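A.B. asks: This is the structure I have questions about; it appears just below.
The values are calculated or read from the model by the stated rules, or taken from the named source; none is laboratory data. This structure is a prediction, so every number in the text was calculated from the model and none was measured. So basically every Cβ, Gly included, is an ideal-geometry build from the backbone, and we count neighbours across all protein chains shown. Keep in mind that these areas ignore ligands, DNA and RNA; they rest on the heavy atoms of the full protein, side chains included. Shrake-Rupley method; radii C 1.70, N 1.55, O 1.52, S 1.80 Å.
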Amino acid sequence: MKRYFVITVIILSSLIDFSCDESINPNAIFRERYSLNGIMRSDTSYQIITLSHSYQPNEDDPLTYVDDPSIQGVEVNIYYNNKLYRMRDTAIARMDTARYKSPIKYYYNSNLKPGPNQAIEIDALLSNGLLLQSITFTPDVSKIGFFDFGSDRLIPPAFGSRVAVKWKNLTNVIYAPKINLNYYIKGDTSLHKKEVPLFYYLNNGKSTPIYATPITTPNLFIEIGTISKFLDEFPSDGNTKKDYSIISLTIELQVFDEYLTKYYSSIRQGIDGFTIKLDNPDYTNIKGGFGVFGSYIKTSYELKFVSNYLSSLGY
């Protein structure tokens, strides 16, 4: 027994000596990586993408690295609808110069406005010969047949106490709805918009508006009571209800493509809002590098108000 004890002490001593003499480097071997990020939007013809590279700071704090990792001078091309769109590099002044002092660098094209159900390809040839590539497919939100014919068209509806708007159930997409009230103000010819909450949350006698967030279900339901409460409290700028002409309620819908949907799902927190992810995966759909290249299509659905309903609220 005594012999085994002595052997054990020798082994432990050798391990302790090894751990003290051998310096441990927590950093892996640095490999420079490149990233491409961009979202092709259907609500504008001005498209933007960014290129950057990874870096290794000289100190433990990465914020001490103040050289902007953005990359300029790269040939970036987009292929859409059998046409080539060249992306030009440019820069704008940086508002926050606490870390990076140089202007914000990016690539743009002002003549590309994608439509639904289309493929968009991109490639970026770096000076070192590395080629970054990706492709996105815009969601199919064609006006005819996208919104369900069974959706309500009037507020309030002929039956029930809530407005129901339904649309086509696409695969691998997320819908980002926004509910807007469209109205005119007396003496102003501009059409104004204001976001309407999806519902009100009552806590300790205080009512808090809760607005629509991205969803995966192809429908939206709004209680008439919520709309009535919003309209009743709406005039808040010194005008009276008689100064407003209420036109309609619009459901503005952004439909994210498969890749933006996967990226959103990879970074979102738990459903209950109390979950914190410490190991978010590095989702990418860039061949030859990292980043996300995706698209979204914007569409809308309009609901009209019944005049008697608005009159009952004082409009």
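A.B. asks: Restricting to segment 82-111, what's the tally of residues that are in contact with a helix residue (DSSP H, G or I) (Cβ under 7 Å, 6 or more places away or on another chain) and in a strand (DSSP E or B)? Full working, then the answer.
C.D. replies: In the first step, residues of segment 82-111 are kept if they are in contact with a helix residue (DSSP H, G or I) (Cβ under 7 Å, 6 or more places away or on another chain); the result is 99.
Okay, now just the ones that are also in a strand (DSSP E or B), so none.
So the answer is 0.
A.B. asks: Further, regarding this structure: Given the criteria within 22 Å of residue 83 (Cβ to Cβ) and either not hydroxyl-bearing (Ser, Thr, Tyr) or not in a loop (DSSP other than H, G, I, E, B) (or both), does residue 123 qualify? First the steps, then the outcome.
C.D. replies: Working: within 22 Å of residue 83 (Cβ to Cβ): yes; either not hydroxyl-bearing (Ser, Thr, Tyr) or not in a loop (DSSP other than H, G, I, E, B) (or both): yes.
Yes.
A.B. asks: Report yes if residue 79 is among the hydroxyl-bearing types (Ser, Thr, Tyr) and in a loop (DSSP other than H, G, I, E, B), otherwise no. Write out each step before concluding.
C.D. replies: Working: among the hydroxyl-bearing types (Ser, Thr, Tyr): yes; in a loop (DSSP other than H, G, I, E, B): no.
Spelling it out, it is not the case that residue 79 is among the hydroxyl-bearing types (Ser, Thr, Tyr) and in a loop (DSSP other than H, G, I, E, B).
A.B. asks: Moving to a separate point now. Would a scan of segment 126-141 turn up a residue that is part of a loop (DSSP other than H, G, I, E, B), open to solvent by 50 Å² or more (accessible area, probe 1.4 Å) and without any contact (Cβ under 8 Å) to a residue 24 or more places away in the chain?
C.D. replies: Looking through segment 126-141, at least one residue is part of a loop (DSSP other than H, G, I, E, B), open to solvent by 50 Å² or more (accessible area, probe 1.4 Å) and without any contact (Cβ under 8 Å) to a residue 24 or more places away in the chain.
A.B. asks: Just for segment 179-228: of the residues that are in contact with a Ser or Thr (Cβ under 8 Å, 6 or more places away or on another chain) and assigned to a helix (DSSP H, G or I), which one is surrounded by the most Cβ atoms within 10 Å (Cβ to Cβ)?
C.D. replies: Here the residue is 224.
A.B. asks: What about residue 34, is it at pLDDT 90 or above, surrounded by 10 or more Cβ atoms within 10 Å (Cβ to Cβ), over 18 Å from the mean Cα position of the chain (by Cα) and not hydrophobic (A, V, I, L, M, F, W, C)?
C.D. replies: Working: at pLDDT 90 or above: yes; surrounded by 10 or more Cβ atoms within 10 Å (Cβ to Cβ): yes; over 18 Å from the mean Cα position of the chain (by Cα): yes; not hydrophobic (A, V, I, L, M, F, W, C): yes.
In short, yes.
A.B. asks: Where the second residue is at pLDDT 95 or above and open to solvent by less than 10 Å² (accessible area, probe 1.4 Å) and the first is more than 20 Å from residue 141 (Cα to Cα) and lies in segment 169-186, which pairs have Cβ atoms under 7 Å and are six or more apart or on separate chains?
C.D. replies: 181/196; 181/249; 182/248
A.B. asks: Ok, one more. Within segment 53-66, is even one residue at pLDDT below 80, surrounded by 12 or more Cβ atoms within 10 Å (Cβ to Cβ) and touching a helix residue (DSSP H, G or I) at 6+ places or on another chain (Cβ under 9 Å)?
C.D. replies: Within segment 53-66, one or more residues are at pLDDT below 80, surrounded by 12 or more Cβ atoms within 10 Å (Cβ to Cβ) and touching a helix residue (DSSP H, G or I) at 6+ places or on another chain (Cβ under 9 Å).
A.B. asks: Can we say residue 96 is without any contact (Cβ under 8 Å) to a residue 40 or more places away in the chain and either open to solvent by 50 Å² or more (accessible area, probe 1.4 Å) or more than 30 Å from residue 251 (Cα to Cα) (or both)? Please lay out each step first, then the result.
C.D. replies: Numbers: without any contact (Cβ under 8 Å) to a residue 40 or more places away in the chain: yes; either open to solvent by 50 Å² or more (accessible area, probe 1.4 Å) or more than 30 Å from residue 251 (Cα to Cα) (or both): yes.
Here the answer is yes, as residue 96 does meet what is asked.
A.B. asks: Return the total of residues in segment 67-92 being at negative phi, surrounded by fewer than 14 Cβ atoms within 10 Å (Cβ to Cβ) and of a type outside the set (Asp, Glu).
C.D. replies: Qualifying residue count for the region: 8.
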